[in-house]
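Okay, structure first, notes after.
The values are calculated or read from the model by the stated rules, or taken from the named source; none is laboratory data. All values derive from a computational prediction rather than experimental measurement. So basically every Cβ, Gly included, is an ideal-geometry build from the backbone, and we count neighbours across all protein chains shown.
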Amino acid sequence: MGRILSEVRIFICNRWVSRLPSRTFRMFFYRKIMKYNIGKESFIFMDCTFDCTVNFSMKNNSVINAKCRLDNKAGIHIGENVSVSQEVMILSADHDPDSNTFAARDKEVHIEDYVFIGSRAIVMPGITIGKGAVVAAGAVVNHNVEPYTIVAGVPAKMIRSRHSNLNYKIKYSRFLQ
């Protein structure tokens, strides 16, 4: 019975709630019904989808822009002042291609404070993106990203370092998003 209720909640979350143009209602639903741990002044924009009803946290002043896929089966943990651009995929589970049973592999993803992830980037399972790092648009992150580095490409490689004296608050919300 618990699995059926969980499936109904995720269906309602992804097919109805995510499409409502009321961030207030969406955030209420994510916090109270889905029980996601989402900090103050953090927002999830329209048309984002989740893969399960648990294992998601996001600290204060962070934003996930529209149409992102959040595969939180193993866990996605996002720090403060993080900006995730539109259509990003964050994956925490995959399958072992060498397993004769195609066994599932669950690996948490950690995104630390002051990270910026560009549009259509893909973050693979088990990745930690260090504090202040930048992931360029379209990058595929298949290795941990060191703090204060900028990565780009497929697979993502370090381009350069970013200064480390970051001290900003993300305040990015729209009335109907």
Subset of the stretch 19-32, residues surrounded by fewer than 19 Cβ atoms within 10 Å (Cβ to Cβ), more than 15 Å from residue 172 (Cβ to Cβ) and either within 14 Å of the chain's Cα centre (by Cα) or aliphatic (A, V, I, L, M) (or both), comes to 20
| query | Before we move on, is residue 108 buried (at least 19 other Cβ atoms within 10 Å of the Cβ), under 23 Å from residue 148 (Cβ atoms), of a type in the set (Asp, Glu) and out of contact with any helix residue (DSSP H, G or I) (no Cβ under 6 Å at 6 or more places or on another chain)? | reply | no
Flagged pairs (Cβ under 8 angstrom, 6 or more apart or on separate chains; first in the stretch 94-115, under 19 Å from residue 60 (Cβ atoms); second at pLDDT below 95 and not polar (S, T, N, Q)) are 114/166; 114/168
Only one of (1) crowded, with 19+ Cβ neighbours inside 10 Å; (2) more than 20 Å from residue 112 (Cα to Cα) does not apply to residue 35, and that is (1)
Note on the stretch 28-69: residues in a loop (DSSP other than H, G, I, E, B), farther than 20 Å from residue 121 by Cβ and either aliphatic (A, V, I, L, M) or in contact (Cβ under 8 Å) with a residue 60 or more places away in the chain (or both) are 34, 41, 54, 61
Those residues of the stretch 106-115 which are under 16 Å from residue 142 (Cβ atoms) and either modelled with pLDDT under 95 or under 13 Å from the mean Cα position of the chain (by Cα) (or both) amount to 108, 109, 110, 111
Over the stretch 29-61, the set of residues among the acidic types (Asp, Glu) and over 19 Å from residue 3 (Cβ atoms) is 41, 47
